[in-house]
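A.B. asks: I have a structure here, written as structure tokens, and I will follow up with some questions on it.
The values are calculated or read from the model by the stated rules, or taken from the named source; none is laboratory data. This is a predicted model, so every value here is computed, not measured. Cβ placement follows ideal geometry from the backbone for every residue including glycine, while neighbour counts extend to all protein chains displayed.
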């Protein structure tokens, strides 16, 4: 499989999300941006120390990407889908990497519904409600977003996308932040310019900002709601 060239914004999301993958983890890889987490694991020689899974039943190996998503190269074991979801529902995953269409002020995520389009949630709810650590992977905006990164790692937003991913209220709840707080899950929302966490009292906590990104102009002014800001980001 040859890697598919990806916009730098999506690559930055995948690179940061990858840092939440640890040796010994059993992980689920979602379609889209999360696919780059699996590719990085292969590139960094981590595949032998982790177990990547996909809903179709494969355990281990390298999940395929793009139109081949659902297949796996070099799987250790392949179960039927019902058995795989029994494993997921039982809390067998340490971490999952999954996309997000919308994120709201409470930390809820819409991962399946777009107006006037066929909607299907698939295994999104099963996986995100039972996994110990959930890493949502999404660009901050979409539809024309242009980002650059220099040799020093500084990120610059060249043009914002016309669609906002962070909204006051998601169009449909695929992932419930309230449920995550009740069950003690660790929740990350990774973008190309910053990382949010689900705060223990509810809502989003801005925990990381990429070098070169202006916290006010590039993040806070684009949010339709207020967020908590981690102490180490307050000068």
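A.B. asks: Take the residues in the stretch 126-138 that are within 14 Å of the chain's Cα centre (by Cα) and under 16 Å from residue 31 (Cα atoms); name whichever of them is surrounded by the most Cβ atoms within 10 Å (Cβ to Cβ).
C.D. replies: Top of the filtered list is 136.
A.B. asks: Answer yes or no: is there a residue in the stretch 100-113 that is farther than 16 Å from residue 188 by Cα, in contact with a strand residue (DSSP E or B) (Cβ under 8 Å, 6 or more places away or on another chain) and surrounded by fewer than 18 Cβ atoms within 10 Å (Cβ to Cβ).
C.D. replies: Within the stretch 100-113, none of the residues are farther than 16 Å from residue 188 by Cα, in contact with a strand residue (DSSP E or B) (Cβ under 8 Å, 6 or more places away or on another chain) and surrounded by fewer than 18 Cβ atoms within 10 Å (Cβ to Cβ).
A.B. asks: Is it the case, given these coordinates, that residue 181 is modelled with pLDDT of 95 or more and crowded, with 21+ Cβ neighbours inside 10 Å?
C.D. replies: no
A.B. asks: Take residue 27 and decide whether it is part of a helix (DSSP H, G or I), within 17 Å of the chain's Cα centre (by Cα) and buried (at least 18 other Cβ atoms within 10 Å of the Cβ).
C.D. replies: Considered against the rule, which asks whether it is part of a helix (DSSP H, G or I), within 17 Å of the chain's Cα centre (by Cα) and buried (at least 18 other Cβ atoms within 10 Å of the Cβ), residue 27 comes out as no.
A.B. asks: From the set of residues in the stretch 89-99 that are touching a strand residue (DSSP E or B) at 6+ places or on another chain (Cβ under 8 Å) and assigned to a loop (DSSP other than H, G, I, E, B), which is farthest from residue 196 (Cα to Cα)?
C.D. replies: 92
A.B. asks: So residue 200 fits all but one of (1) in a helix (DSSP H, G or I); (2) over 24 Å from residue 158 (Cα atoms); what number is the exception?
C.D. replies: (1)
A.B. asks: Would you tally the residues in the stretch 106-142 being touching a residue at least 60 places away in the same chain (Cβ under 8 Å) and either in a strand (DSSP E or B) or over 24 Å from residue 9 (Cα atoms) (or both)?
C.D. replies: Of the residues in that region, 11 qualify.
A.B. asks: Another question about this same structure. If I filter the stretch 188-198 for residues that are over 21 Å from residue 137 (Cβ atoms) and out of contact with any helix residue (DSSP H, G or I) (no Cβ under 7 Å at 6 or more places or on another chain), do I get at least one hit?
C.D. replies: Within the stretch 188-198 (the criterion being over 21 Å from residue 137 (Cβ atoms) and out of contact with any helix residue (DSSP H, G or I) (no Cβ under 7 Å at 6 or more places or on another chain)), the answer is no, since none of the residues qualifies.
A.B. asks: Additional query: Name the single residue that is nearest to residue 31 (Cα to Cα) among those in the stretch 139-156 being under 18 Å from the mean Cα position of the chain (by Cα) and surrounded by 18 or more Cβ atoms within 10 Å (Cβ to Cβ).
C.D. replies: Within the stretch 139-156, the match that is nearest to residue 31 (Cα to Cα) is 139.
A.B. asks: Hey, another quick one. Yes or no: the stretch 157-177 includes at least one residue that is over 18 Å from residue 100 (Cβ atoms) and touching a residue at least 60 places away in the same chain (Cβ under 8 Å).
C.D. replies: Yes, the stretch 157-177 has at least one match.
A.B. asks: Can you tell me which residue among 75, 41 is closer than 26 Å to residue 24 by Cβ and either out of contact with any helix residue (DSSP H, G or I) (no Cβ under 6 Å at 6 or more places or on another chain) or in a strand (DSSP E or B) (or both)?
C.D. replies: Matching residue, one of 75, 41: 75.
A.B. asks: Sort out which residues of the stretch 162-189 are under 21 Å from residue 107 (Cα atoms) and in a loop (DSSP other than H, G, I, E, B), and write them in order of number.
C.D. replies: 165, 168, 169, 170, 171, 172, 173, 174, 176, 184, 185
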